[in-house]
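Colleague: Supplied in structure tokens, the structure appears directly below.
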Amino acid sequence: MRRVVILGSTGSIGTQALDVIRRNPDRFTVVGLAASGSRLDLLIDQVCEFEPQTVAVSQATSAQDLQLALYSWAKGRGYSQGDARIPRIVAGPEALESIAGMECDVVLNGLAGAAGLTPTLAALSAGSVVALANKESLIIGGDLVRSRARPGQIVPVDSEHSAIAQALRAGSKNEVRRLVLTASGGPFRGWSRTALESVSPEQALAHPTWSMGPLVTVNSATMMNKGLEVIEAHLLFDVPFDAIEVVVHPQSIVHSMVEFVDGSTMCQASPPDMRLPIALGLDWPDRVPGAAPGCTWTSATTWEFQPLDEEVFPAIRVARAAGGAGGTATSVLNAANEACVGEFLNGRMAFPAIVATVSRVLEEHMGAGWVGPGEVTVKSVRDADTWARNRVAALMTA
């Protein structure tokens, strides 16, 4: 029985993880749930169903409402007779870090954005396995995160990196020639640069394959998500950037591939359902039976693979530059991108300007203020993050 803490329990990853746990009560028990508090009704339902020991909300204003709701629930379940208990509630900016460091077997980090860094570090320091869906914490933390993790302590939950981890079981590290990350191409596959000028937030949020949060969905549309995944693959598997390629695969059935030195390629294929990599992350290296439906092999199927047009979608090139530089460059890349996506969703920035602005901010940072690999601290990461967001804001008012 694995004791699980879920960070971001009311988000897409968190809700799907709880579905896996709900269907496998003999394998997992939830000891901690954490969320921002913005979807309080859902969090309350989750707490009442899974009865964790501890609940964390980063919005301190939500703590009292949560406590009152849980007291009412416990009272109805026989709280006064000792038949129900109210979990410990922690709230405020440090709440996520606190619950990530509690005693458990697995911490699933399903948070969005840079907020996932300190919880990832706390979980690693506590010795828990980190099922990592929050790629940003590894990307911006870089060597800081890797230095704190023992071998095998970080298990990837992104479908692409989970696929690579599975395919790598087929050979030793020195037999790997290259990693091939697959990308759906998003909603604008085949579009021209001119056509992208008029893209609306509604169009960018209409992903053809996956159901994700707004940040990740827009990142998929710009291909920045794939750029971040290239950096993540480099950090997770210690493979050089020039041995990591991206190919467009619209069907999203082959989630990524590993090519070995003898010319053999191993791929992991399954319908696009995040419950499979989530379940694998929770119980790695074991597989959870029935985690998600498999492929149907009794009907005709076509899988397409196409080269990526980096002239139309330059995000991967920008991400490679940041990843190659390392240090605080990746923090600036991530923060500037998050800020630009916010401006786009609010109707203040054109779609192509997202990556163009990120590139400009990154170039400015490399000219002054960059902290190199091996010298990064949590403070320098946070400082770079703040600077990048402020720089995007300044450019918007210039």
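Laboratory data are not the source of any read-out in this text; all were calculated from the coordinates shown. Given the structure is predicted, the values throughout are model-derived calculations rather than measurements. Quick reminder, even Gly has a Cβ in these numbers, built from the backbone with ideal geometry, and neighbours come from all protein chains shown.
Colleague: Could you point to the label whose value was computed as log10 I(q)/I(0) by the Debye sum over Cα atoms at q = 0.06, 0.13 Å⁻¹ for the structure here, given (i) -0.47, -1.00; (ii) -0.23, -1.12; (iii) -0.34, -1.09?
Modeller: Answer by label: (ii).
Colleague: Any idea what the relative contact order of region 1-140 is, in percent, if you count C-alpha pairs under 8 Å spaced at least 6 apart?
Modeller: On the way: 266 pairs, mean separation 35.4, N = 140.
This gives 25 percent for region 1-140.
Colleague: Which residue, A114, A325, A17, tops the fluctuation ranking in a GNM of the chain built on C-alpha contacts under 10 Å?
Modeller: A325
Colleague: Report the longest stretch of the chain that contains none of the GluC sites (Glu not before Pro) sitting in a DSSP loop with at most 14 other Cβ atoms within 10 Å.
Modeller: After excluding every exposed loop site, the longest remaining stretch is 198-303.
Colleague: Rounded if a/c is under 1.5, else prolate if a/b beats b/c, else oblate: with a ≥ b ≥ c from the C-alpha gyration tensor eigenvalues square-rooted, which is region 2-156? Could the numbers behind the result be given before it?
Modeller: Details: a/c = 2.10, a/b = 1.65, b/c = 1.27.
In terms of gyration-tensor shape, prolate.
Colleague: Under the Karplus relation 6.51 cos²θ - 1.76 cosθ + 1.60, θ = phi - 60°, what is the ordered set of whole-Hz ³J(HN,Hα) values for region 321-326, x standing for Gly and Pro?
Modeller: With coefficients 6.51, -1.76 and 1.60, one gets 4, 5, x, x, 6, x Hz.
Colleague: Can you classify region 132-291 as rounded, prolate or oblate using the Cα gyration tensor, where a ≥ b ≥ c are the square roots of its eigenvalues, rounded means a/c under 1.5, and otherwise it's prolate if a/b beats b/c and oblate if not?
Modeller: prolate
Colleague: Please work out the FRET efficiency for the pair D65 and T397, using the Cβ-Cβ distance as r and a Förster radius of 41 Å; give the result to the nearest 0.05.
Modeller: Efficiency computed from Cβ-Cβ geometry: 0.70.
Colleague: Helix 117-126 versus the longest principal axis of the chain: what is the Cα-based angle in degrees, 0 to 90, to the nearest 10?
Modeller: Value to nearest ten degrees: 60.
Colleague: Let me ask another. Enumerate the calculated ³J(HN,Hα) couplings along region 265-276 in order (Karplus 6.51 cos²θ - 1.76 cosθ + 1.60, θ = phi - 60°), each rounded to whole Hz, writing x wherever the residue is Gly or Pro.
Modeller: 10, 9, 10, 10, 10, 6, x, x, 9, 5, 5, 5
Colleague: Further question on the same structure: Over the alpha carbons of region 128-193, what is the largest minus smallest coordinate on each principal axis, giving the biggest first in Å?
Modeller: Principal-axis extents of the Cα atoms in region 128-193, largest first: 44, 29, 18 Å.
Colleague: To the nearest 0.05, how large is the calculated FRET efficiency for R287 and K173 if R₀ is 22 Å and r is the Cβ-Cβ distance?
Modeller: Details: r = 22 Å, r/R0 = 1.01.
About 0.50, to the nearest 0.05.
Colleague: Among the aspartates and glutamates, which have Cα under 15 Å from the Cα of K173 when same-chain residues fewer than 8 positions away are ignored?
Modeller: Reachable aspartates and glutamates: D238, E259, D262.
Colleague: Roughly how tilted is helix 63-76, in degrees to the nearest 10 and between 0 and 90, from the longest Cα axis of the chain?
Modeller: Value to nearest ten degrees: 50.
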